[in-house]
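Worksheet: one structure, shown below.
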Amino acid sequence: MKVLVIGSGGREHALAWKAAQDESVEHVFVAPGNAGTSMEDKVSNIPLDINKFESIKNFCKNKNIELVIIGPEKPLVDGLSDYLEENGIKSFGPSKYASQLEGSKTFSKNFFIKHGIPTAQYASFSNFYDAVSHLKKIEYPTVVKADGLASGKGVIICENRSDAEKALKSMFKEKAFGRAGRRVVIEDFLEGEEASFIAVVSKDKVLPLVTSQDHKPVGEGDVGLNTGGMGAYSPAPIVSEELNKKIMDEVMYPTINGLIKEGHPYLGFLYAGLMIKDNEIKVLEFNCRFGDPETQPIMIRLKSSLVELCLSAINDNLDAHNIDWSNKHSCGVVIASDGYPEAYESNKEVLFDSNDDPEAKLFHAGTKLQDDKVVTSGGRVFCATALGTDLKEAQEKAYNLVKKVDFDGAFYRKDIGFKGIK
Ligand code: AMP
Ligand code: GLY
């Protein structure tokens, strides 16, 4: 069978790498992919524009693609999954309606309230002056969020009213997040420890993946600007078995049952970003896709087939599906371009030392091939990922792999996994 993976990041490299290991898979195409996916066995890149749904459909029909795995949020929010389904092509990813859980903070907050899912108090505004006048009525710190997609960067924690007013100005007036900031959510600041919970969902069935935790801020000790994620590890000790059950009962089931009630059952990866304090859970956000970089340390622990997992969900057989995981721990360290998450330079040639550790894998993200050389093409460039008997060993192996990669302006956090070790 032939599989198409949509996207070009580290997440998509890990998904394509894993899908290609399946004996039943003849070939994996990645649209558009990166230098890493183009160098994998049984994998090749296809230069399709992932915003042009018709060309994706035509490619699938011509090549007889039997499964499309959609990695990033943008095509999901734009309705790629619905479009492929209407054209008789099996795809793994939620509908346009369900993807609003990530695509609009106003939609998701309204949805949480409607279906009794615990979350911070909030108000939503499409007008600067109403939003500013709301600032008089609330306590600080507060959180100002662009409503639409902003690559994990549209959330501003404001210590006081003046900061909050600046945040509103940047969104409404200066259009710092473009169309994503035409509507804004202002919500209560929550204290606690964050955890991510990622599951495969098919209608009324939820199969949680192994736990994981990312490090969003750019600086060591979790300080500085938020990024898409600077590294991740699995398992995450914060999600105990008891908490796991609570998350399923209070968050996952109410969400998927709420979507069924609204006539739009969910299919795909569902990612809940949670704040936990004294065993109380509140949902910060939903993502309608797998996490990046969480996918990389999770895929390296997956022993059974990714493709069969996706097909079980599509064919409504998730109940009967067993996932086989490695008991080992994993850690993935992102290597980024100097300046990220703000402006950075690209087209830097990458030099590699050979990696002889079979339990370590370098996933590419922002890379491309130019005259047979690998050059940088994005903010997050690689995710060096490794398995170990414990998190400390996984971390050591991941950092050994980091040292085998070099390019002008490369930087990485030196403490990925610290939250799981302390
Ligand atoms: P989000 O994209 O909504 O998950 O927000 C990105 C990050 O901002 C989260 O991972 C949290 O670290 C932080 N954050 C978002 N909402 C809140 C909140 N209500 N209280 C405290 N921190 C928040
Ligand atoms: N690592 C966080 C995300 O994928 O949104």
Would you confirm, using the coordinates I've provided, whether residue 394 is crowded, with 24+ Cβ neighbours inside 10 Å and in a strand (DSSP E or B)?
no
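Condition check ((1) open to solvent by less than 10 Å² (accessible area, probe 1.4 Å); (2) at positive phi; (3) away from ligand 1 (no atom under 14 Å from the Cβ)) across all residues:
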residue: 162; (1), (2), (3): no, no, yes
residue: 166; (1), (2), (3): no, no, yes
residue: 191; (1), (2), (3): no, no, no
residue: 202; (1), (2), (3): yes, no, yes
residue: 206; (1), (2), (3): no, no, yes
residue: 226; (1), (2), (3): no, no, no
residue: 230; (1), (2), (3): yes, no, no
From the options 335, 323, residue that is assigned to a strand (DSSP E or B), in contact (Cβ under 8 Å) with a residue 60 or more places away in the chain and of a type in the set (A, V, I, L, M, F, W, C):
335
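Mind telling me which of the residues 241, 250, 262 ends up being farther than 20 Å from residue 417 by Cβ, open to solvent by 10 Å² or more (accessible area, probe 1.4 Å), acidic (Asp, Glu) and free of Cβ contacts under 8 Å to residues at least 12 places away in the same chain? If you could, list the steps in order and put the result at the bottom.
Values: 250 fails: free of Cβ contacts under 8 Å to residues at least 12 places away in the same chain; 262 fails: free of Cβ contacts under 8 Å to residues at least 12 places away in the same chain.
After ruling out the rest, the residue left standing is 241.
How about region 265-275: which of its residues are more than 16 Å from ligand 2 (Cβ to nearest atom) and either modelled with pLDDT under 95 or surrounded by 22 or more Cβ atoms within 10 Å (Cβ to Cβ) (or both)? Steps first, please.
Initial filter on region 265-275 (more than 16 Å from ligand 2 (Cβ to nearest atom)): 265-267.
If the condition is that a residue be more than 16 Å from ligand 2 (Cβ to nearest atom) and either modelled with pLDDT under 95 or surrounded by 22 or more Cβ atoms within 10 Å (Cβ to Cβ) (or both), then 266, 267 are the ones that fit.
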Restricting attention to region 91-132, which residues are within 16 Å of ligand 1 (Cβ to nearest atom), part of a helix (DSSP H, G or I) and under 21 Å from residue 290 (Cβ atoms)?
99, 100, 101, 102, 103, 105, 107, 108, 111
Considering only residues that are among the aliphatic types (A, V, I, L, M) and closer than 19 Å to residue 107 by Cα, look in region 123-146 and name the one that is farthest from the chain's Cα centre (by Cα).
131
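Name the one entry in 96, 90, 173, 136 that is under 29 Å from residue 342 (Cβ atoms) and either in contact with a helix residue (DSSP H, G or I) (Cβ under 9 Å, 6 or more places away or on another chain) or open to solvent by 20 Å² or more (accessible area, probe 1.4 Å) (or both). Before you say what the answer is, go through the steps one by one.
Numbers: 96 fails: under 29 Å from residue 342 (Cβ atoms); 90 fails: under 29 Å from residue 342 (Cβ atoms); 136 fails: under 29 Å from residue 342 (Cβ atoms).
The unique qualifying residue is 173.
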Suppose we filter region 12-27 for residues that are within 21 Å of residue 291 (Cα to Cα) and open to solvent by less than 20 Å² (accessible area, probe 1.4 Å); how many remain?
8
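The values are calculated or read from the model by the stated rules, or taken from the named source; none is laboratory data. Quantities reported herein were computed from a predicted structural model and do not represent experimental measurements. Cβ: placed from backbone, ideal geometry, glycine included. Neighbour counts: every protein chain shown. With ligands, DNA and RNA removed, areas are computed over all heavy atoms of the protein, side chains included. Shrake-Rupley method; radii C 1.70, N 1.55, O 1.52, S 1.80 Å.
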